[in-house]
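Inspection log for the structure reproduced underneath, given as structure tokens.
Only the coordinates and a few stated rules stand behind these numbers; no lab work does. Treat the numbers as computed from the prediction; the structure is a model and nothing was measured. Positions of Cβ are generated from backbone atoms using ideal geometry, with glycine treated the same way; all protein chains shown enter the neighbour counts.
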Amino acid sequence: MIAEYGMFALIMALISASGLTLIPMWGSYASHGAAMNAAKPLAAASFFFCAISFGFLVAAFLQDDFSLVVVGNNSNSMLPMFYKFSAVWGNHEGSMLLWVLVLCSWTFAVALFSSELPQILYARVLSVMGAIGVGFIGFSLFTSNPFARNLPDIPADGRDLNPLLQDPGLIIHPPILYMGYVGFSVAFAFAIAALLGGRLDAAWARWSRPWTNAAWGFLTLGIMLGSWWAYYELGWGGWWFWDPVENASFMPWLAGTALVHSLAVTEKRGVFKSWTVLLAIASFSLSLLGTFLVRSGVLTSVHAFAADPERGMYILVFLLVVVGGSLVLYALRAPAVNSGIRNAWLSRETLLLFNNVVFLVATLTVLFGTLFPLLMDALGQGKYSVGPPYFNAVFVPLMALLVPVMGVGPFVRWRQDKANRWQHYLLVSAIASVAAGVLLPFLGEGFNLWVALSVLLAVWIVMGLLTDLRLKKTGAQSWRQVLGRQGASYWGMMLAHLGFAMCVISVVVVTQWNVEKDLRMEPGDSAELAGYRFEFHGAGPVTGPNYRGDEGVFTAYVEGKRIAELRPQKRQYLASGQVMTEAAIDAGFTRDLYVAMGEALGADGAWSVRLHYKPLVRWMWIGATFIGFGGFITLLDRRYRRVRAKQASEALAHA
Amino acid sequence: MHPIRKKRLMIVLAVVILSSAGIGLVTYGLRGNINLFYPPAAVIAGKAPIGQSIRVGGMVVEGSIVRSQSSLDVRFDVTDYAGTVPVLYSGILPDLFDEGQGVVAAGKLDETGVFVAHEVLAKHDENYMPPEVAEALKAAGKEI
């Protein structure tokens, strides 16, 4: 009966979400207080029913109820318990239900924590969230029902979860990523509600900003986890492939990064309003586009679930309604651009505008590269694929363009600034970064132009942050006072920019100095790689809970000293027969050693082996984690609570 | 000119310059970095360019995989049942590479009609077939 209860709860969630879409929205136009007040209980109800529905699907997986199609296709009685749990979202139907649950959770969170909003705005924001909920719950129910039954032929055992997904990284990657993806719906709902009400101001930005920063932080962490998982699980040591589905999550991130910065301008200075609204619409639309690309199977990708044109059609139509509808509304209601340019050339506004333009151009170039194969196919020009070289060629220069401004942006004043206030510090920054760029590469493999440039850029960013702190210290203040005075959003910005600097160095160093060898190795063979010697001792059988395989034993030496033993595996999963590479990694702050086994060659115990030396590769994930946590830290800023209450009362007085 | 107009003009100019730079980068990036898919039948018919970066995909012919005893060189045939192309590859093959499975290889065709691959992609789970391969097989009249 579990499936029927789950289905019933999902239908109830659809009904509550429909109520949430219609009743408060109607109330906001009819000035019907009770109807607007219904938003909160309706949001709670749709969350409650989604959670129950999701709970029943989890129960079905944990109980090995193979009468359900999704359980039969994606689980197995031998699967360890925590993978049975994560198998819930290791398939299309279940992950859609997770998506819906995350959406309802955001809606409920907005209902709980934004009750200081003016009543009309509150009702409309939740109504818009409700409408998105209707779209996705409907998608789940009508095109990808997770509770469909395998009747009357119930399989004796399940076909197993794809072994690639049997991994701790996959337990957390999808939920965190969805928190980010779906979280942009809050920024979108605020934008639509503001357009409907025609009230777009600094207060609006202040309300919408913490939600946007939170969603952006989650998306950053989600993408980071995906990259890390691909690195150790796919067995070829890559960390970013410009795969269409990676791009699908990266485009909303790029637009979201622009949004996070432009919201700062709108909040602090009350300008860029129309632009900010447009970015909020764009970020969420790109999230939807990403969903469409992943779920329709139109693109070849490691993430594509089995293709189903009906699903693709549903999301495409939904995407057109959302994008089309919101752009029409934007065209009709966006405030005229004449909010006036009240800032001088040398001002933080100008620099942030530059940031926005760069991120937007980057988004568009990635979008173009991702859609190019679809476009050519639709025009009958053949089946093209656009490879990483394209994306690297367009993306890297754009990011490099950003950095000079990042080293200045934090300390340039709003509205108007004079360069002579900080010229001498800028000179110090410049000298320090050039010196670091020239000298630091010698800590590694010696001088390399690209590494030198990346160090130069990263140090320039960090020097900019330090200069800002130095400029904030005036007169007789102690450092303690200066540091204590800074709010959480300031420290969030510092951490995120520091993380970005780490990513810049890591990406370039690992690309330039990565050493990779594919070899044939017999037991007793050893191979030299970047000063490390790898000795292969042979491979023997190994057995796991739901797989059998071979485990190789390698020892790594540096200058004759033994530093690590690495045991990569080649597994064959029993239920599906699928073969999987389990790489062995000796992780370190300055470098990773990475060993993966290809296949057994011949009778003398030889294997094809892949050896990697990856300098500073961890800095990328540490840096990305800093960026994500930077987003979260800004939420702690007292300003959002204190001023929010004040603004709300002001807004009510105006209403 | 009015100072505000002047500023606006400068902003428009900046946007134009940056987006042209973007378009320039895109055009530069696309040159030589996109590759077209050819089914084996089209390669056999001589429709595929020689020495250019392309992709070829189909099913790996049963019994066609030949490995070198001393290196990681491997040779196999890819077919869409309307044509068969020999493929040379050096390196580690993906986990799901096997005889009778769908693969897509990226590389260049040499003068003798051998496809020298620098990358071989197999499907990543047993239910999934690369769309190009599925279509090529369908075009050749082979349903899967």
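Of note:
- Share of pairwise Cα separations in segment A:515-618, more than 21 Å, in percent: 33
- Cβ-based exposure ranking for A:406, A:129, in which fewest neighbours within 10 Å come first: A:406, A:129
- With Cα atoms as the point set, the radius of gyration and Dmax of segment A:447-516 evaluate to 15.9, 55 Å.
- Number of partner chain Cβ atoms within 10 Å, mean per residue of A:360-373: 3
- Helix axis angle, B:3-30 relative to chain B longest principal axis, alpha carbon, degrees: 20
- Sorted largest first, extent of the protein assembly as shown alpha carbons per principal axis (Å): 83, 70, 51
- Pairs of Lys residues in chain B, spaced 8 or more positions apart or belonging to different chains, with C-alpha separations under 29 angstrom: 9 in total.
- Cross-link reach list, aspartates and glutamates versus residue A:84, counting only Cα pairs under 14 Å and skipping chain neighbours closer than eight places: A:64, A:65, A:157, A:160, A:167
- Which of A:236, A:454, A:410, positive extreme of dipole for the protein assembly as shown (C-beta unit charges): A:410
- Net length gained if the chain between residue A:32 and residue A:453 were fully extended (0.36 nm per residue, minus Cα distance): 145.4 nm
- Kyte-Doolittle mean at least -0.5, axial Cα span of 30 Å or more - DSSP H helices of chain A: A:2-30, A:39-62, A:92-113, A:119-143, A:168-197, A:202-233, A:244-269, A:273-296, A:309-333, A:348-378, A:449-472, A:488-513
- Taking other residues whose beta carbon is less than 12 angstrom from the beta carbon of residue A:534, and scoring Lys, Arg as +1 and Asp, Glu as -1, yields -1.
- Label-to-label distance, residue A:442 versus residue A:567, with points set 7 angstrom from Cα along the beta-carbon direction: 4.3 nm.
- When only the Cβ of Lys, Arg, Asp and Glu is charged (+1, +1, -1, -1), the dipole of the protein assembly as shown relative to its Cα centre reaches about 5100 debye.
- Cβ-based charge dipole, chain A, positive-most Cα from A:318, A:204, A:83: A:204
- Counting Cβ atoms of other protein chains within 10 Å of each residue's Cβ and taking the mean over peptide A:576-582 gives 3.
- By the Cβ distance rule of under 4.7 Å, the protein assembly as shown has these cysteines without a partner: A:503.
- Lys, Arg +1 and Asp, Glu -1 on Cβ, resulting dipole of segment A:163-400 about Cα centre, debye, nearest 20: 920
- Within straight-line cross-link reach of residue A:473, lysines at Cα separation under 22 Å, skipping those fewer than 8 residues along the same chain: A:268, A:418
- Here the calculated FRET efficiency for residue A:62 and residue A:635, from their Cβ-Cβ distance with R0 = 30 Å, stands at 0.35, rounded to the nearest 0.05.
- Percentage relative contact order, chain A, counting C-alpha pairs under 8 Å, at least six apart: 12
- Compared with the direct C-alpha span, the chain from residue B:9 to residue B:23 gains 3.0 nm at full extension, assuming 0.36 nm per residue.
- With both labels modelled 7 Å from their Cα along Cα-to-Cβ, the residue A:113 to residue A:378 distance reads 3.8 nm.
- The sum of -39500 (n - 2.57) across all DSSP H runs of n ≥ 4, divided by the residue count of chain B, sets its helix-only mean residue ellipticity at 222 nm to -9500 deg cm²/dmol.
- Site pair residue A:333 and residue B:138 shows an inter-label distance of 4.2 nm when each label is modelled 7 Å from Cα along Cα→Cβ.
- Shielding of peptide B:89-96 by partners, expressed as the average count of other chain Cβ atoms within 10 Å per residue Cβ, is 6.
- Subtracting the Cα-Cα distance of residue A:603 and residue A:527 from their residue separation scaled by 0.36 nm leaves 25.3 nm.
- Cross-link reach list, aspartates and glutamates versus residue A:561, counting only Cα pairs under 14 Å and skipping chain neighbours closer than eight places: A:528, A:535
- Think of it as helices only: each DSSP H run of n ≥ 4 in chain A is worth -39500 (n - 2.57), and spread over all residues that comes to -21500 deg cm²/dmol at 222 nm.
- Rounded to whole Å, sorted largest first: equivalent-ellipsoid semi-axes of chain B, Cα gyration tensor: 44, 17, 15
- Per-peptide average of other Cβ atoms within 10 Å, ordering A:58-64, A:554-560, A:100-106 highest first: A:100-106, A:58-64, A:554-560
- Look at the dipole of segment A:366-497 built from charges on Cβ: of A:484, A:430, A:375, the Cα furthest out on the positive end belongs to A:484.
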